[in-house]
Amino acid sequence: MEPMFFDGWASLVRTCIVGVMAYCFLVLSLRVSGKRTLAKMNAFDWVVTVALGSTLATILLSKDVTLTQGALALALLIGMQFAVTWTGVRVDWVRSVVSGEPVLLVYRGEFLHAALLKERVNEDDVFAAVRSAGVRGLGEVEAVVLETDGSFSVLPLSGERSGRSSIETLHLTGQTDNSP
């Protein structure tokens, strides 16, 4: 039976040394790769962030993974994230595959039911987002948008029109009336 509580000082020393070195390598790599590497702008970014955390934990706790292997794994994840986001900024189809598109769920106080169904969002979720935004009801809402990161943006009605609307670029899913 393997030890459950204490396996000797060597494993603790290894965890400390490898942990500090792996952590320093990760922080340095993230600083070099830029702020976007850890941004949670969409599902792809979230998956990379979780994968980095999981990889760091594996480096710390698995005696089967050397520091060099772990550093390579972290560098590979960060490099892939950089390459995909760099390409996504320059190539539209890559951006749409990686990020998806924001979806209009409510427009001028009316639910867009086809969009709700397609995105698997119910009206209660939308009402919760509206309340969180400090808006009393849908009659006071210009739009509710499901963003690419899974969050809701609630745009209250406003009498002012200045510049281009942030909802002009959104496509209505399965709706032909109430176009923005």
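The values are calculated or read from the model by the stated rules, or taken from the named source; none is laboratory data. Bear in mind the structure is a predicted one, so any value in this text is a computation, not a measurement. No Cβ is skipped: glycine too gets one built from the backbone with ideal geometry, and neighbour counts run over all protein chains shown. Ligands, DNA and RNA are excluded from the accessible area calculation, which covers all protein heavy atoms including side chains. Shrake-Rupley method; radii C 1.70, N 1.55, O 1.52, S 1.80 Å.
Just to be sure I understand, how many residues within segment 141-161 are acidic (Asp, Glu), over 30 Å from VAL97 (Cβ atoms) and surrounded by 15 or more Cβ atoms within 10 Å (Cβ to Cβ)?
Qualifying residue count, segment 141-161: 0.
Got a sec? Which of SER62, SER29 is within 30 Å of ALA10 (Cβ to Cβ), out of contact with any His (no Cβ under 9 Å at 6 or more places or on another chain) and buried (at least 17 other Cβ atoms within 10 Å of the Cβ)? Lay out the reasoning, then the answer.
Working: SER62 fails: buried (at least 17 other Cβ atoms within 10 Å of the Cβ).
Only one candidate qualifies: SER29.
Output the number of residues of segment 49-59 satisfying the condition of being in contact (Cβ under 8 Å) with a residue 24 or more places away in the chain and open to solvent by 40 Å² or more (accessible area, probe 1.4 Å).
Residues that pass the stated criteria total 0.
How many residues are open to solvent by 80 Å² or more (accessible area, probe 1.4 Å) and either touching a strand residue (DSSP E or B) at 6+ places or on another chain (Cβ under 8 Å) or in contact (Cβ under 8 Å) with a residue 40 or more places away in the chain (or both) if we restrict to segment 17-26?
1
When ALA75 is evaluated against the numbered criteria (1) under 30 Å from VAL130 (Cα atoms); (2) surrounded by 14 or more Cβ atoms within 10 Å (Cβ to Cβ), which criterion, by number, is the only one it fails?
Tallying (1) under 30 Å from VAL130 (Cα atoms); (2) surrounded by 14 or more Cβ atoms within 10 Å (Cβ to Cβ), ALA75 fails exactly one: (1).
Failed condition for ARG14, given (1) at pLDDT below 95; (2) open to solvent by 90 Å² or more (accessible area, probe 1.4 Å), with all others met?
The one condition ARG14 does not meet is (2).
Are any of the residues in segment 64-76 touching a residue at least 40 places away in the same chain (Cβ under 8 Å) and acidic (Asp, Glu)?
Looking for residues that are touching a residue at least 40 places away in the same chain (Cβ under 8 Å) and acidic (Asp, Glu), one finds none in segment 64-76, hence no.
Does ASP7 qualify as being part of a loop (DSSP other than H, G, I, E, B) and surrounded by 10 or more Cβ atoms within 10 Å (Cβ to Cβ)?
On the way: part of a loop (DSSP other than H, G, I, E, B): yes; surrounded by 10 or more Cβ atoms within 10 Å (Cβ to Cβ): yes.
Considered against the rule, which asks whether it is part of a loop (DSSP other than H, G, I, E, B) and surrounded by 10 or more Cβ atoms within 10 Å (Cβ to Cβ), ASP7 comes out as yes.
Output the number of the condition that TRP46 fails; it satisfies all remaining conditions of (1) open to solvent by 100 Å² or more (accessible area, probe 1.4 Å); (2) more than 20 Å from VAL98 (Cα to Cα); (3) touching a residue at least 24 places away in the same chain (Cβ under 8 Å).
Single failed check for TRP46: (2).
Condition test on LEU112, is it crowded, with 17+ Cβ neighbours inside 10 Å and within 20 Å of PRO156 (Cα to Cα)?
Yes.
Out of (1) free of Cβ contacts under 8 Å to residues at least 24 places away in the same chain; (2) farther than 30 Å from TRP86 by Cβ; (3) surrounded by 14 or more Cβ atoms within 10 Å (Cβ to Cβ), the odd one out for ALA39 is which?
That leaves (2) as the condition not met.
Evaluate the following for GLN81: is it surrounded by 12 or more Cβ atoms within 10 Å (Cβ to Cβ), modelled with pLDDT of 95 or more and not in a loop (DSSP other than H, G, I, E, B)?
Here the answer is no, as GLN81 does not meet what is asked.
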